[in-house]
Amino acid sequence: MDYEKRMLRVLKYIHDNPTGDLSLDALADVAALSRFHWHRVFRAMTGNTCAHVVKSVRMHRASIALVHSDLLIADIAASVGYPQVASFSRAFSDVYRRSPSAFRRQGQLAPNPISLTKGDPNMYDVEIRDMPARRLAALRHEGAYPEIGRTFQALYTMVGARGLFPQIGHGVALYYCDPSQTPEAELVSHAGVSLNGGAVVTEGFESIDIPAGRAAVLTMTGPYAGLAQAWDHLYSGWLPKSGQEPRDEAPYEVYLNDPYDTAPDDLITEIVVPLKP
């Protein structure tokens, strides 16, 4: 568990200091481990290199800022640790397959910047399904919803440290508040993983049960930066015209693939709103 705490401390440091020194040596100091062993320990426990995680955190934060703010690209680059716009653009294009400016333009044209055309009235695939019951091992996240990735990284680090990967399924995030009505500091959500079969929730995780039942399911393909608009479409576009009424249960997202080995354009997310029978 000592190594688990070190990994969590390092992940928190990466998220809290995107403009800081996130070199291997600096992160080894945060972990209080020899730099000769640190990288091997980190990769063995998280399944990724330090450089990959640092780049992913920085580029995800940049993608959110590009779509949801009017900041200059140079300012966004600096805010994620890239003082030179050219090096930031190369790194961003490496991850998102397009330049920051192109990503921003597409994000403003339509909720899903990948496959939709402007003015298309059927922008998303929404269907009504009978969803299965799920039991989750989860961690509580407080604050901005787009920052829940940091809690997922902590969650998966704990899962890896305890050798639980064979017992888990898809990642699931539950959201309890309306971000348009609730101050950011008061937002509450959970980052969780579905448990397979007879797997048990171990110490340090919260156990959450999602009941089975009818639900509206919106399937989005593309970067997580487009999720906020997808939620808006489901609630303000599809639901009022559907004749359906939501159940008094938290809506949630199901992540059908892994952002660490899947290109952002190919990420598949289901947004699930439980419905009354």
- Message: What distance in nm lies between label points placed 7 Å from Cα along the C-beta direction at Ala185 and Leu72?
- Response: 3.0 nm
- Message: What does the charge count around Ala91 come to, taking other residues whose C-beta lies under 9 Å from its C-beta (Lys +1, Arg +1, Asp -1, Glu -1)?
- Response: +2
- Item | Rounded accessible area of Ser207 (nearest 10 Å², 1.4 Å probe) | 70 Å²
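Scan segment 202-277 for GluC sites (Glu not before Pro) in coil per DSSP, keeping those whose Cβ has at most 10 other Cβ atoms within 10 Å, and list them by number.
Numbers: sites: Glu203, Glu206, Glu249, Glu253, Glu270; in loops: Glu203, Glu249.
Answer by residue number: Glu203.
Using a Förster radius of 25 Å, what is the FRET efficiency between Phe36 and Lys12 based on their Cβ-Cβ separation? Nearest 0.05, please. It would help to have the intermediate numbers written out before the result.
Working: r = 23 Å, r/R0 = 0.94.
Efficiency for this residue pair is about 0.60.
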- For segment 237-277, the charge dipole (Cβ of Lys, Arg +1; Cβ of Asp, Glu -1; about the Cα centre) points to a positive end, and the Cα of Gly237, Leu256, Leu267 closest to that extreme belongs to Gly237
- Which net charge results for the neighbourhood of Asp266, defined as the other residues with beta-carbon distances under 11 angstrom from its beta-carbon, given Lys and Arg at +1 and Asp and Glu at -1? -2
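Based on a Kirkwood Rh over C-alpha pairs, give the Stokes-Einstein translational diffusion coefficient of the chain at 25 °C and viscosity 0.890 mPa s in µm²/s.
Numbers: Rh = 19.8 Å.
For these conditions, the coefficient is 124 µm²/s.
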- Heavy-atom accessible area of Trp238 with all protein chains present, probe 1.4 Å, nearest 10 Å²? 60 Å²
- Note on the structure: The number of Lys pairs in the chain whose alpha carbons lie under 27 Å apart, excluding pairs fewer than 8 residues apart on one chain, is 4
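Go ahead and run the numbers for FRET between Asp25 and Ala133, Cβ-Cβ distance against an R0 of 51 Å, rounding to 0.05. Walk me through the intermediate numbers first.
On the way: r = 47 Å, r/R0 = 0.92.
Efficiency for this residue pair is about 0.60.
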- Item | Hydrodynamic radius by Kirkwood, which averages 1/r over all alpha carbon pairs of segment 149-249, in angstrom | 16.1 Å
- Task: Quickly work out the Ser99-to-Glu203 label distance, labels modelled 7 Å from Cα along the C-beta direction, and quote it in nm with one decimal.
- Result: 5.5 nm
- Low-density loop positions, chymotrypsin sites (Phe, Trp or Tyr not before Pro), segment 156-202 - DSSP coil, at most 13 other Cβ in 10 Å: Tyr176
- Task: Could you tell me the distance between the Cα centroids of segment 156-232 and segment 254-277, to the nearest Å?
- Result: 10 Å
- Task: Would you kindly give the portion of the calculated P(r) for segment 47-104 that falls above 12 Å, as a percent of all Cα pairs?
- Result: 62 percent
- Would you mind getting the accessible area per residue of the chain, heavy atoms of the protein chains only, 1.4 Å probe, in Å²? 49 Å²
- Query: For Met220, what charge total do you get from the other residues with a beta carbon under 10 Å from its beta carbon, if Lys and Arg give +1 and Asp and Glu give -1?
  - Reply: -3
- What is the distance, in nm, between label points placed 7 Å from the Cα along the Cα-to-Cβ direction at Tyr3 and at Ala144? 3.3 nm
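The values are calculated or read from the model by the stated rules, or taken from the named source; none is laboratory data. Everything numeric here is computed off the predicted structure, so don't read it as measured data. With ideal geometry, Cβ positions are generated from the backbone for all residues, glycine too; neighbour counts draw on all protein chains shown. The accessibility values were calculated without ligands, DNA or RNA, using every heavy atom of the protein model including side chains. Shrake-Rupley method; radii C 1.70, N 1.55, O 1.52, S 1.80 Å.
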